Amino acid sequence: MQPPASPAVQMRSITKRFGALIANDAADFTLRRGQIHALLGENGAGKTTLMRVLYGFYRPDTGSITVNGQPASFSAPRDAITQGIGMVTQHFALALPLTVTENVVLGAERGLPLDLAAAQRRVQAAAQSFGIDIDPAARVRDLSIGQRQRVEILKALYRKATVLILDEPTAVLLPQEADELFRALRRLQNQGLAVVFISHKLHEVMAITDQVTVMRNGRTVNTVDTAHTTQAELARLMVGRSLTPPPARPAPPADQPVALRLDQVSAQDNKGLPALKALSLAVHVGEIVGLAGVSGNGQVELAEVLSGTRRVTAGRVLVEDTDITNADPRRVMQAGVGRIPEDRHASVVGEMTVAQNMALEHLGEFSPRGLLDKAHITRHAEQLITTYQIKARPDDRIRTLSGGNMQKVILARVLERAPRVLVVAQPTRGLDVGAGEYVHGKLLEQRARGAAVLLISEDLEEILALADRIAVIYEGEIRAVLPRAEADSQRLGLLMSGVRA
Amino acid sequence: MKIERRAAPLWLRAVIPLLAVVLTFAVTSALILLARANPLQAYYYFLLEPLSNRVSIIEVLVKSTPLLLTGAAVTLAFAGGFWNIGAEGQLLAGATAATAVGLQMHTASPLIAIPLMLLAGFAAGAAWIAVPALMKVKLAIDEVVTTLLLNSVALLGVSALLNGPWRDPISQWPQSPEIAAAAIFPRLIPRSRLHLGFLVAVLVILLLWFLLNRTTLGLQMRAVGLAPQAARFAGIPVERTLLRTALLSGGIAGLAGVSEVAGIHYHLIDAISGGHGYTGIIVATLGGLNPLGAGLAALFIGLVDTGSQSVSRALGVPVYLGDVILATLLLMTLALLLLQRYRIRWTRDRGAM
């Protein structure tokens, strides 16, 4: 009865508020059958919220949804699943001790008893027909991240999904795994599946999608055919202005002394397994060294070693002539190391005020004879808030700040002491473009001042934009150190996946 | 209906203890009806009658004295991230040490005897918590279990003393001989039971407030309690700070034991505490881990405690009703503290959109 042209999904004028925050503001979205459709936007633009509305996870405040031309109203994901909508989030919902088959049929099969052998045959058949390469008998805990993602996709398809929502699927993948995912999506597309591809990575969007809907500030700003657009245009739509290319800057003088030296450093992760294996690296005065790598190759442990919160089992760490091997955080700071950690929330006391957090690392200076000088602490905070343009008051509890402002507090606390060495991990993760640019500007300022900056980041664009030299970490070893001029994402991608240069 | 996580607004935190009290009285009124009494009348005796005359007001303060101290001890421990469930045992240790000193003070002046007893009680409480504290800091052994278990050890230890070397030689009761007159706390009001211990307790509450809010050490203790990882990152010696928190907490609980021996009983009995250490947990929780809040909570519980005797006298209901009310109050407070992090949203029925 339906006209064949009716779209797979049509969302009209969807508005979703969370308290004072408008996550979706009269957003429209149309998904045709058999297309791969990018939902592009910065962090916080409302992409995930809009798709969670479609998946029945949130109820919209206003607006309507049709699926295959029929009005739909979902009060839970279960309703969306019966309408053929599946969603794979960044955080997989898999039971690790169970097998692929058990995970796939979990909740999808009705009645008892469960015939696992038959289920395994059905899952095997489904995997084959969808062209998904996975062993149905494997335990999920033994699978790589890329394989687990395939299990999630198979789960959705097994429940007869005709619309598949993928929320930043490549964020956790190696470049090679991403290519494999794209090939699988193409095959599924040819079988008539419609895919929503949530991303903020322009090159992926250009590579894989047929259409792009750009979101900004909760609104859908535009929908364009991928074939008729360019990365530059998409970037402009995304941020509402053109991205400025990183400013050209003079290379640091060649003969600067080494400020931070890691000499054959080994350390273990929380499970007691080797995380850093005789790692050596030097950062010179006035340069930014970018540490590139896929998440989980020792970056977290390295940052902790340099922060004084993880012990090394071998090797030495030197800041200029000071040996800070296994020094506690206080001595590490005294040696002139400033630390911007990956987990912002774990480096501040959320229930304490902005002013208290700004003073926490150097309480001695704010408390003659052990008594807190509250006026001094507040004055100090006011001054940093002005200097670093932080949108907060000294007495605000720091956990109420936005990610960007919290990061500025941490930056202010570190940079006001003009550290000789700066260890920075994922400094713009989760920040909007404005805050991200601010952080990048501050890092370049530190470099110009003569600080040695180690920038640990999983965002290659960030590393390529800032670093003078790029070190690639793989399984706790430095695989290569390249001058920026010799580094491109192709070559880095290979090194990051463990291919020896 | 949906339950969402969110942070509690500030005004709600202040309202929670009051709401807990109201809900508690609503729930316990059923029990009062079962005891064939009028709940409103009962609450009059619980809350208002003790405040109607000087004698019982003083009695409220007397009853509050050990609770101010154990409440302060638990408040400090919990605020500093050390889950001390052992104030009961530390109180007993303090009481034992105070008795040991007090028995030797027959020739001393009170100016020597009393400070010496306070010091000994504090040291004994700190020593009693030192083992769990060191096990926590050095071996990461959960202090909830170890501090709790040591309560029984302390009680058995006191029992052994009272049935052995300290058995009263005259009466042969399992109680120690009386401490020296010089060691007995002076009365604050003549011919009443209100003693120096109350003053000590109020002073401890005020000092604790000052420590936590005005000193570097206090800020470090709270940082360790709220976010140990962030505290370590900021260069605060987490283990050493935890150890200080624990020892100070144990010491304060020990003072409660000194106060009960030297202010009320004058000798050691095995019922010297009667659960003041556990009630300290209620005090600290009800007080929102704020020393001044704990002070108010201790006074309130002292009031209910006094009231439970007058209600029992006047209406013939069991005196245990007071305990039931306090236990219900703790449960209500804990439930509300948990619930404040969520809010319930009523959503329309499916299809109504």
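If you check A:Ala471, A:Ala452, A:Ala448, A:Ala485, which single one turns out to be free of Cβ contacts under 8 Å to residues at least 24 places away in the same chain and not β-branched (Val, Ile, Thr)? After ruling out the rest, the residue left standing is A:Ala485.
With the requirement that a residue be buried (at least 19 other Cβ atoms within 10 Å of the Cβ) and either touching a His at 6+ places or on another chain (Cβ under 9 Å) or within 14 Å of another protein chain (Cβ to nearest Cβ) (or both), what does the range A:310-324 give you? Correct list: A:Arg310, A:Ile324. A:Pro71 fails exactly one of the following numbered conditions: (1) over 27 Å from the mean Cα position of the chain (by Cα); (2) assigned to a helix (DSSP H, G or I). What is the number of that condition? Among (1) over 27 Å from the mean Cα position of the chain (by Cα); (2) assigned to a helix (DSSP H, G or I), A:Pro71 violates only (2). The single condition among (1) assigned to a strand (DSSP E or B); (2) away from chain B (no Cβ under 13 Å); (3) of a type in the set (A, V, I, L, M) that A:Ile14 does not meet is (2). Taking the stated definitions as given, is B:Tyr266 farther than 29 Å from B:Leu217 by Cβ and not polar (S, T, N, Q)? Yes, satisfied. Counting only helices (runs of 4 or more DSSP H) that fall entirely inside the range B:68-176 and contain at least 2 residues that are in contact (Cβ under 8 Å) with a residue 24 or more places away in the chain, more than 30 Å from B:Glu239 (Cα to Cα) and touching a helix residue (DSSP H, G or I) at 6+ places or on another chain (Cβ under 6 Å), the qualifying elements are B:87-102, B:110-139.
To keep it simple, each residue is scored yes or no on (1) touching a Phe, Trp or Tyr at 6+ places or on another chain (Cβ under 6 Å); (2) surrounded by fewer than 18 Cβ atoms within 10 Å (Cβ to Cβ); (3) under 24 Å from A:Val224 (Cβ atoms); (4) of a type outside the set (Asp, Glu).
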| site | (1), (2), (3), (4) |
| --- | --- |
| A:Gly107 | no, yes, no, yes |
| A:Asp115 | no, yes, no, no |
| A:Pro136 | no, no, no, yes |
| A:Arg139 | no, yes, no, yes |
| A:Leu164 | no, no, yes, yes |
| A:Glu168 | no, no, yes, no |
| A:Gly192 | no, yes, yes, yes |
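Taking the stated definitions as given, is A:Ile478 among the aliphatic types (A, V, I, L, M), within 20 Å of the chain's Cα centre (by Cα), outside any helix (DSSP H, G or I) and at pLDDT 90 or above? When the stated conditions are applied, A:Ile478 does not pass them.
I'm trying to understand the selection: among the residues of the range A:417-473, which are of a type in the set (Gly, Ala, Ser) and in a helix (DSSP H, G or I)?
Result: A:Gly434, A:Ala435, A:Gly436, A:Gly441, A:Ala448, A:Ala465.
Within the range A:325-358, being more than 10 Å from chain B (Cβ to nearest Cβ), farther than 28 Å from A:Thr313 by Cα and crowded, with 24+ Cβ neighbours inside 10 Å holds for A:Val354, A:Ala355, A:Met358.
If I ask for residues that are more than 25 Å from B:Leu296 (Cβ to Cβ) and under 25 Å from the mean Cα position of the chain (by Cα), which ones from the range B:199-227 would you list? Answer for the range B:199-227, where residues must be more than 25 Å from B:Leu296 (Cβ to Cβ) and under 25 Å from the mean Cα position of the chain (by Cα): B:Gln220, B:Ala223, B:Val224, B:Ala227. For the range A:359-372, enumerate the residues that are more than 7 Å from chain B (Cβ to nearest Cβ) and surrounded by fewer than 20 Cβ atoms within 10 Å (Cβ to Cβ). Residues satisfying the conditions are A:His362, A:Gly364, A:Glu365, A:Pro368, A:Arg369.
Among the residues examined, B:Thr241 qualifies as within 13 Å of another protein chain (Cβ to nearest Cβ), crowded, with 23+ Cβ neighbours inside 10 Å and either under 16 Å from B:Ala133 (Cα atoms) or modelled with pLDDT of 95 or more (or both). For beta carbons closer than 7 Å, sequence separation of 6+ or different chains, a first residue in the range A:390-417 that is without any contact (Cβ under 8 Å) to a residue 24 or more places away in the chain and a second that is part of a helix (DSSP H, G or I) and not aliphatic (A, V, I, L, M), the qualifying pairs are A:Lys391/A:Asn405.
The residue of the range A:212-228 that is surrounded by the fewest Cβ atoms within 10 Å (Cβ to Cβ), among those that are at pLDDT below 90 and not in a strand (DSSP E or B), is A:Asn217.
The values are calculated or read from the model by the stated rules, or taken from the named source; none is laboratory data. Just so we're clear, the structure is a prediction, and the values are computed from it rather than from any experiment. Please note: Cβ atoms are built from the backbone with ideal geometry, for glycine as well, and neighbour counts cover all protein chains shown.
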